[in-house]
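Structure first, commentary second.
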Amino acid sequence: MVFMLLSMIFGLDLMVSGKSYVLEWGILSSGSVSMLFNFYIDWMSVIFFGFIALISSSIFFYSGSYMKASLNFRLFMMLVFMFVVSMFFLVFSLNLVSMMLGWDGLGVTSYILVIFYKNEKSGSAGMVTALSNRVGDAALLLSIACLVELGSWSYMFMLMNKGELVMWLVSLAAITKSAQIPFSAWLPAAMAAPTPVSALVHSSTLVTAGVYLLIRFESLLMGSKIMNFLIYLGLMTTLMASLSALVEVDFKKVVALSTLSQLGIMVSTLSMGFSQLAFVHLLIHAVFKALLFMCSGKIIHSMNDSQDIRKMGGMIFNLPITGMVMNLSSLALCGVPFLSGFYSKDLIIESMMMTDNFLMFYSFLMMVVGLSASYSFRLMFLSFNIFSNQALVSSSEEKDWVMLSSKIGLMTMSLISGAILLWVVMPIPVMVSLSMNLKWLAFVSMILGVFIGLMWSVSNLKSLVLMKGLAQVDMYLLMWNMSKLSGNKLSHTGQSISLLIKKMDFGWSEAFGGQGLNFFFLKSSEVLSLWLINSLKKNLLVMIMMLVVIMTNIW
């Protein structure tokens, strides 16, 4: 906490004075060739690493209780420390070669941490994570090779020599590390790692590395065609993750899909030219998402390591303090007024609404806002409702003061970090010119999302198992079949065609082929059945209709 305060003060001083420092260390010099290892210290890198230090120190303290029964506890703590060191090289590096040291260090360390439990599930999840991230590593290596002709690997030098191919390669590296479509399947799969690793990976380190890379290259990318592509890529990722989180029953995967949803919002915000807003939302999201994962770890421990939300309930009586902290972080994620997430999320929505776009874009944006509140409320309701679904032999209690004390700093920052960061990063208030109806639109969309989440939770409280047979729910659980595209491998040439046919037969062809058409015609002949209970389409259709009516009346 002290280091974070010092970094905030130092970063504020650098911002006000307009200064930045470059530290160079000569490794090799031969003739006209010199190899330099340099660090770039400016306000953005200092503030970002201050937040990383706060979150990682809380997780180190939290791991002392969570992982104390593990036989490889020292190895685990060493790997987590290497994770933070890799992020240090990524944050403060000036050129792509030294940045690659931290970038690849994150990938290797994350693979080792995902397979930490050494079982078949974690092994397959680690392989999906490693291979998906290697695509981005290869793109970054190719961009380094392209910069050889320009004479420097520094991204500051690239501002004077814009190359279209380099921009596409850097963007490809960023979207793979931040798990945008079509590389989204590895992020929920990485939940096989221990919960402290998930709290660190999904808050301020691995998944945020891609967004941070785009922020660093924002001056280079702005004005290019890739930015228009990234706007809709981020929104589609957010929609896919939100719909998948509405039907997911794994506790940690719901939180992971919420991370994926927020990453899509950050990418879209950055692509529309609001890089400072994306950076503020990145830092605020890191705080309450780490807190949310730490609370989920306590709940999973109390459930005898079960992550199924269908077996939860009644936690408000057994874990009152954890429930309070988790609800606080979930409300910050929804954007409830005057919590930390409200300051960045509301300003992002208002800034996007002031841009020149079409009506369906704004309706789509409001739907995404409502869905984020919907899956958050569903998770809170199923975990902490008064009807307990726990086994008779399970017990929960708030006696672990190490876990509780590790959350104090993050809980405080979840309350105040939004206002503080807007004052620090954006000292001049943003001019917002919207009508009163448009100002209230984000709040109305959030309330509508809570209503949809409540209906969806109550109607499926006792029948979530029956949902597995529905074709549309299966498609959402598979993240629009992204997991099939990423999780299956093609080994030999003779098997590749049969495996490809099998994947297509159980993937998109299942939804849009013979079975899909059969399901469509059956449902078309039974229009009234659309409004029966347990219908996801009913809830989404009601939400879309209400949003379109509201937007039409406003305009």
Note down all Cβ pairs under 6 Å where the first residue falls in the range 351-362 and is touching a residue at least 40 places away in the same chain (Cβ under 8 Å), the second is outside any helix (DSSP H, G or I), and they're at least six residues apart or on different chains.
351/274
Of those in the range 222-235 that are closer than 16 Å to residue 176 by Cβ and among the aliphatic types (A, V, I, L, M), the residue farthest from the chain's Cα centre (by Cα) is 226
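Every residue, every condition in (1) at pLDDT 80 or above; (2) crowded, with 24+ Cβ neighbours inside 10 Å, yes or no:
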{"residue": "217", "(1), (2)": "yes, no"}
{"residue": "236", "(1), (2)": "yes, no"}
{"residue": "253", "(1), (2)": "yes, no"}
{"residue": "260", "(1), (2)": "yes, yes"}
{"residue": "265", "(1), (2)": "yes, yes"}
{"residue": "275", "(1), (2)": "yes, no"}
{"residue": "278", "(1), (2)": "yes, yes"}
{"residue": "292", "(1), (2)": "yes, yes"}
{"residue": "305", "(1), (2)": "no, no"}
Is at least one residue of the range 7-27 surrounded by 19 or more Cβ atoms within 10 Å (Cβ to Cβ), at pLDDT below 80, hydroxyl-bearing (Ser, Thr, Tyr) and within 21 Å of residue 211 (Cβ to Cβ)?
yes
Given the structure, is residue 46 buried (at least 21 other Cβ atoms within 10 Å of the Cβ) and either part of a helix (DSSP H, G or I) or among the hydroxyl-bearing types (Ser, Thr, Tyr) (or both)?
yes
Let me spell it out: the conditions are (1) surrounded by fewer than 24 Cβ atoms within 10 Å (Cβ to Cβ); (2) assigned to a helix (DSSP H, G or I); (3) outside the structural domain of residue 374 (by TED's automatic domain parsing), and residue 207 meets all of them except one. Which number is the exception?
(1)
Hey, could you check the range 70-99 for residues that are surrounded by 22 or more Cβ atoms within 10 Å (Cβ to Cβ) and not in a helix (DSSP H, G or I) and say which is nearest to the chain's Cα centre (by Cα)?
93
Checked 415, 421 against criteria (at pLDDT 80 or above, assigned by TED's automatic domain parsing to the domain that holds residue 257, aliphatic (A, V, I, L, M) and surrounded by 23 or more Cβ atoms within 10 Å (Cβ to Cβ)); the one match is 421
Looking at (1) over 15 Å from residue 195 (Cα atoms); (2) buried (at least 17 other Cβ atoms within 10 Å of the Cβ), which one does residue 110 not meet, given that it meets all the others?
(1)
Could you say whether any residue in the range 119-133 is assigned by TED's automatic domain parsing to the domain that holds residue 202, over 28 Å from residue 27 (Cβ atoms) and not in a helix (DSSP H, G or I)?
yes
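If I ask for residues that are aliphatic (A, V, I, L, M) and touching a Leu at 6+ places or on another chain (Cβ under 7 Å), which ones from the range 414-440 would you list? I'd like the intermediate steps shown before the answer.
Filtering the range 414-440 for residues aliphatic (A, V, I, L, M) gives 415-416, 419-422, 424-426, 428, 430-432, 434, 436, 438.
Within the range 414-440, 415, 421, 424, 430 qualify.
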What are the residues in the range 293-307 that are among the small types (Gly, Ala, Ser) and part of a loop (DSSP other than H, G, I, E, B), if any?
306
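Looking at 256, 286, 290, which one is touching a residue at least 12 places away in the same chain (Cβ under 8 Å), in contact with a Pro (Cβ under 8 Å, 6 or more places away or on another chain) and in a helix (DSSP H, G or I)? Full working, then the answer.
Numbers: 286 fails: in contact with a Pro (Cβ under 8 Å, 6 or more places away or on another chain); 290 fails: in contact with a Pro (Cβ under 8 Å, 6 or more places away or on another chain).
That would be 256, the only listed residue that is touching a residue at least 12 places away in the same chain (Cβ under 8 Å), in contact with a Pro (Cβ under 8 Å, 6 or more places away or on another chain) and in a helix (DSSP H, G or I).
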On the given criteria, is residue 232 hydroxyl-bearing (Ser, Thr, Tyr), outside the structural domain of residue 133 (by TED's automatic domain parsing) and in a helix (DSSP H, G or I)?
yes
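Among the residues of the range 381-401 satisfying the criterion of being crowded, with 22+ Cβ neighbours inside 10 Å and of a type in the set (A, V, I, L, M, F, W, C), which is modelled with the lowest pLDDT?
Going through the qualifying residues, I end up with 384.
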Report, ordered by the first and then the second residue, all pairs with beta carbons closer than 9 Å, sequence separation of six or more or different chains, a first member in the range 56-77 that is β-branched (Val, Ile, Thr), and a second member that is crowded, with 17+ Cβ neighbours inside 10 Å and assigned to a loop (DSSP other than H, G, I, E, B).
59/203; 59/406
Check whether at least one residue in the range 237-251 is within 13 Å of the chain's Cα centre (by Cα) and under 25 Å from residue 77 (Cα atoms), and report yes or no.
no
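The values are calculated or read from the model by the stated rules, or taken from the named source; none is laboratory data. Note that the coordinates shown come from a computational prediction; the quantities given were computed from them, not determined experimentally. Positions of Cβ are backbone-derived with ideal geometry, glycine not excepted, and every protein chain shown enters the neighbour counts.
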